[in-house]
Every structure is written in structure tokens, then in C-alpha cells.
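So the structure is just underneath, and the comments pick up after that.
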Amino acid sequence: MTVETVQVPAYRTFPVQVSRLQRLSPSFLRVTFTGPELDDFASNGWDQRIKVMLPLPGRGLDDCPSGPDWYGDWRALPAERQMPIRTYTVRAARPEQHEVDVDFVLHGATGPASAWAESAAVGDEVVLVGPNARFAGPTGGFEWHPPVDASCLLIAGDETAVPAICMIVESLPAGQRARVLLEVPEAGDVLDVAAPAGVEVTWLPRSSGDGVPAARGARLAAAVIEAAAELADDLAPSPAVELEDVDIDSAILWEVPTEAAAPARSSGVYAWLAGEAAVVKGLRRHLVQELGVDRRSVAFMGYWREGRAS
Ligand SMILES: Cc1cc2nc3c(=O)[nH]c(=O)nc-3n(C[C@H](O)[C@H](O)[C@H](O)COP(=O)(O)OP(=O)(O)OC[C@H]3O[C@@H](n4cnc5c(N)ncnc54)[C@H](O)[C@@H]3O)c2cc1C
């Protein structure tokens, strides 16, 4: 008798359709997806990332892979039949209601995801690739790994990181000291976030309606540098290191402490920084090279590059 082992992947595909659209602000659109299989979507919280597979003009989702090796199957397709895939964050998951919310930044019809969101309508279909509740082990896909005894948290990002940061902030325990810095395109993009006592949230609009808007990342960088100076006593310094360069035009800047390393770190500040690659790269240089901050205490995620498609 042969026993077949059924492979249960940590991440799997979920065919879904748009069930609700909510324009949160000039730059943010909340898309609620529903699908019959979303009861198996693992609701991990924190900065849980997912992939969104978008319909290909003229072919829709006809070639969309659905097996356990969805990525291998997608890569095996001829280039003209590969549907665009982009990375997003789960803003809320309600598996019992078969629903997942994703907040899209609208940046014009310059990329397939933003273009899709700009014209999204109820009933539109996409495929999500997300954590599988049937997988026996940890499904991973999030980078929020602070040590339990962090004296203060420094959480900073641009508009693409707002959904992740809001999720993290809303999950923090009351009394946890945290500085949260969010740069958004304009004043109307300041969103409601339920921050527990002890968490100081600062929104940094690039444009306030009058005058010339600040350059992308300028307000965020200044605010992080100021916060780091104020937290200097808690920022666990380490011997100066020669920082290896990351070519952000050809590679993603993704330097994150691993889950296993987190509990071994001593108390102090734990920082999580995400957004446009050049901005995050500059902050990495400042914190690690100039201030000597221990890299094991900071997650640096420069995951999108102005002027370049993902
Ligand atoms: C872990 C992770 C989580 C993310 N979570 C979210 C999320 O929850 N919500 C969200 O909106 N984004 C999120 N992003 C960022 C998103 O994946 C990128 O913005 C992506 O490039 C959007 O794809 P696109 O098809 O719209 O544009 P692309 O085809 O990738 O790029 C086309 C052009 O648009 C520019 N561009 C891309 N993004 C922006 C932007 N935000 N503003 C201005 N110009 C831009 C590019 O530089 C390029 O010139 C996340 C990324 C990662 C890695």
C-alpha cells in the first residue's frame, strides 16, 4: 500500500473577489476581499505580508497557479502570461467571515497594483497568496520581532508602511513605550489609529496644502534622527561596523533581525523602519554607522524604489 503525503504549504493561494471599497483618504483605499476559502487564512496580525496576483489584461486570471508551488508554476509561465504580483500587508483578517482587508496606496496608474486599485469595483477578482491556517508550523511572513523587554519601540515608515504600522500599534500592550512616525502624502491622509497609552503617534504629511511639499522621506528622516537622538540612552550601541553597501537599484534593502535572535538581545530600543529604499538606506547609515546602533535591534525594510517597478 502506498501512503501519499499531502503537502500543506505555509503560504497558499486564495481566489477572492472585492466585496467592499472604502476610500479612507486622498491616498488610501481599503479593499475588502472575500472568498470561499478564506476561512483557512491564518490571522497572524502584526506586519503580515501577502502577495496580490492581479489579472493580466486580456487573459484575466486564466493562468493563475493554485498548487503548493504557486511561485514555481508562475515562474514557469512564459513572460507574457505571468500575471503581475505585488506585495501588500493585511490590514485586518476576519477568516470566520471569509474577509481580508488590504489598504492600497493610490499613486496613479503608474503600476499594475495601483492602476488596479484606482479602478477597482465590487466583484473584481484577484488571487491572494497568504498564510495558511492548515499549516502545522509558524507560517512566517512578518518581521515584527521585538525582544520582550524592549524599553522603547521606534516604528517608522512611509505611506506604504501605514497599514503594517497601524496593525502593530493596535496590537501593542498598554504601557509599552513607543514612538511612531508616519510620513504620508498629505494632511488628509492622517488616519485614525487606536494607539494604547504610552504610544506616541506622529503623522508627517509631505504636503499641507499650502507651499511646496517636502521631498519624499525628508520629514520622516528628520523625525527618526530626532527621535534617535532623544532615545540615545536606550539605543544599545555596538562597536562601529563597516556597513556593506546595498545597491538599491538592483536589490531590495531587507535587513531584519530573525525571530530566533530576538530574545537573545538585551533590553533597549527596538526599531522597525520601512518604506522607500533610498530613505531607509539613509536611515540605516545614520543609525548603524553614525550612531553605532546594534543592527540586531533594527529591522530595515527598503522595499520599494521610487522610479522603479517592483
Ligand atoms: C512587505 C511589504 C508590504 C507592503 N505593504 C503595502 C501596503 O499595505 N499598501 C501599499 O500600498 N503598499 C504596500 N507595499 C508597497 C507596494 O508593494 C509597492 O508600492 C508596489 O510597488 C506597488 O506596486 P504597483 O504595481 O502599484 O507599482 P510598481 O509597478 O511596482 O511601480 C510602478 C511605479 O510606481 C512607483 N511606485 C510604487 N509604489 C509607489 C508609491 N507608494 N508611491 C509612489 N510611487 C510608487 C514605482 O517607483 C514605479 O515608478 C508593501 C511592500 C512590501 C515589500
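The values are calculated or read from the model by the stated rules, or taken from the named source; none is laboratory data. From a predicted model like this one, the values you see are computed outputs, not experimental measurements. Positions of Cβ are backbone-derived with ideal geometry, glycine not excepted, and every protein chain shown enters the neighbour counts.
Tabulated data
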quantity	calculated
Residue match in region 66-86 (condition: closer than 18 Å to L38 by Cβ, near the ligand (Cβ under 8 Å from one of its atoms) and touching a helix residue (DSSP H, G or I) at 6+ places or on another chain (Cβ under 8 Å))	no
Number of positions in region 130-178 that are part of a loop (DSSP other than H, G, I, E, B), closer than 30 Å to A218 by Cβ and among the hydrophobic types (A, V, I, L, M, F, W, C)	4
Condition check for T87: polar (S, T, N, Q) and at pLDDT 95 or above	yes
Cβ-Cβ under 9 Å pairs, at least 6 apart or on other chains, region 212-238 side within 19 Å of S297 (Cβ to Cβ), far side surrounded by fewer than 13 Cβ atoms within 10 Å (Cβ to Cβ)	A236/S266
Residue identified as surrounded by 14 or more Cβ atoms within 10 Å (Cβ to Cβ) and out of contact with any Phe, Trp or Tyr (no Cβ under 9 Å at 6 or more places or on another chain) among H145, H107	H107
V224 vs. criteria at pLDDT 90 or above, β-branched (V, I, T) and in the same structural domain as C166 (by TED's automatic domain parsing)	yes
Residues within region 208-252 that are in a loop (DSSP other than H, G, I, E, B) and not polar (S, T, N, Q), tallied	28
Yes/no for A113 being farther than 26 Å from R295 by Cβ and outside the structural domain of L24 (by TED's automatic domain parsing)	no
Residue within region 99-115 that is near the ligand (Cβ under 10 Å from one of its atoms), part of a strand (DSSP E or B) and in contact with an Asp or Glu (Cβ under 6 Å, 6 or more places away or on another chain) present	yes
